Amino acid sequence: MTRIRHLVSVDDLSIPEILEVFERAKHFGENLRSFAHLCPGRIAASLFYEPSTRTRLSFESAMQRLGGGVLTAAEMKTSSAAKGESLADTVRVVSGAYADLIVLRHPSEGAARLAAQFSSVPVINAGDGSHEHPTQTLCDLYTLWLEKGELEGLEVVLVGDLRYSRTIHSFAFALARFGANIVCVPARGLEMPDYVLRRLREEYGAEPVRADASSLRDLAPESDAVYLTPSKPHQLSLFTDGSAAKVEHVDAVYMTRPQTERHGVGDSIESYVRLGNAQMSAAPLRDAIVMHPLPRRDEIADEFDDDPRSLYFKQAARGVPIRMAILGLLLGQIELDARPPEVDERLVRIEIGANPCPNPNCVTHTEKRHSRLGFRLMSRDPLRAACGYCSHEIPIALVGSSKTRHFHSRDSAVARKIRPDELIFFRDEAEAVALGFSASGA
Ligand code: CP
């Protein structure tokens, strides 16, 4: 049986596949009206539990331009979700005979991963909480690629709400994979989350380096910048000695709005970073294009819209050909020469005492009955694991073996020898004992 292909994370596409998707999108973009023969009779369902203009409409436009049809649940309050129907059940129903593909936006992190487990058709993540937004990232990378001709070695400044912006997280992972340099200029208190920095460092080889942001001071008057360089050698990875790296040239500035709908108590936007003609006259930014996933509030002044470096409306338009290519690929109507990514061997199912995800916005808390993926083993020494849905690290104190029913300290030699498929993690001894485990040698 052919495995169903989903797009939950941008990591679900290999780098050669992404580049081939760009070539397809370029071809589609040359005449959007010429491809209605590709997906006739196919139906995409939009399940949007959060508002959207660009993502939903560009997916629906893309599907119709491919000759297919769309079912829209743009306002899930009018669906049976309002009666308490779970996401898992909704997906099982819609993927029954209703649709050939699901595009899902949901406020819970990891929702698309969960939906993919229950769907009998491909699921595309159209944004899950603050976690990821892979098709936006494809539009962003595509714009950079078209405008700059390549991605490796580019200097990209990420500005604003780096904490809650899912577009930033997916984009940063992808930039690191492609070997671009990332300069983070967060609004105060809205810095990149630890779990994202950790993944950038451990999974994508991007090394955080402090930067001398003096040349960006106007852009971010009260922010420190953090400079991330890919570990593979190229010119800027020379600045890895912990001393200040000077940002002398910027290829792109990626602005984001404050994601106030996800802000908690204490999150403030008083010192939010704004950009206009004056900031963009700084020497390092002379050739920089300005991108924004939109919608914007006032973080980019309207006066800048006429500047040829403002790319955000083109970026939004490019969502259509990019999504045509993705829909065609997942529906099996487009074949790529490139191979998909290897399955990540670190993804293992690990039993755990209780729902341990420390992220209150993780889908495991709202879909308790249905979350069953387990956890991703991040490292064996020390033993560390991340939630298989939202990617947040799971706090572990003790490790048990499902075979011996003994528990051990996480850092002990015996814990490191337990087979991954026999691992059970506990937050504390009380949890281990309550689940029928005893101390080793007890
Ligand atoms: N960029 C983006 O996701 O926009 P929408 O929220 O309008 O879909």
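The values are calculated or read from the model by the stated rules, or taken from the named source; none is laboratory data. Computed from a predicted model, the values in this text were never measured in an experiment. Methodologically, a virtual Cβ is constructed for each residue, glycine included, from the backbone with ideal geometry; neighbour enumeration extends over all protein chains shown.
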Out of curiosity, is R54 away from the ligand (no atom under 16 Å from the Cβ) and touching a helix residue (DSSP H, G or I) at 6+ places or on another chain (Cβ under 6 Å)?
no
Here the residues within the range 374-412 that are assigned to a strand (DSSP E or B) and free of Cβ contacts under 8 Å to residues at least 24 places away in the same chain are R384, S401, S409
Listed by first then second residue, the pairs whose first member lies in the range 38-52 and is charged (D, E, K, R), whose partner is assigned to a loop (DSSP other than H, G, I, E, B), with beta carbons under 6 Å and at least 6 positions apart or on separate chains, are R42/G68; R42/D100; R42/L331; E50/P107
Matching residues, the range 158-199, being at pLDDT below 90 and in a helix (DSSP H, G or I):
D194, Y195, V196, L197, R198, R199
Filter the range 92-140 for residues that are part of a loop (DSSP other than H, G, I, E, B) and under 18 Å from S52 (Cα atoms); which is nearest to the ligand (Cβ to nearest atom)?
H133
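The rows are residues; the columns are (1) buried (at least 18 other Cβ atoms within 10 Å of the Cβ); (2) not in a helix (DSSP H, G or I).
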residue	(1), (2)
P16	no, no
V21	yes, no
H27	no, no
H37	no, yes
S46	yes, yes
Which is modelled with pLDDT of 85 or more and within 26 Å of the chain's Cα centre (by Cα), of V290, V265, V273?
V290
Considering only residues that are among the small types (G, A, S) and either within 16 Å of the ligand (Cβ to nearest atom) or in contact (Cβ under 8 Å) with a residue 12 or more places away in the chain (or both), which ones fall in the range 141-159?
G153
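One line per residue, one yes/no per condition, for (1) more than 31 Å from the chain's Cα centre (by Cα); (2) within 19 Å of V8 (Cβ to Cβ); (3) at pLDDT 85 or above:
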residue: R349; (1), (2), (3): no, yes, no
residue: T364; (1), (2), (3): no, yes, yes
residue: R372; (1), (2), (3): no, yes, no
residue: R376; (1), (2), (3): no, yes, no
residue: A386; (1), (2), (3): no, yes, yes
residue: F407; (1), (2), (3): yes, no, yes
Unmet requirement for K314, which otherwise passes all of (1) surrounded by fewer than 15 Cβ atoms within 10 Å (Cβ to Cβ); (2) assigned to a strand (DSSP E or B)
(2)
Report yes if some residue within the range 141-154 is surrounded by 24 or more Cβ atoms within 10 Å (Cβ to Cβ) and either acidic (D, E) or closer than 18 Å to C387 by Cα (or both); otherwise report no.
no
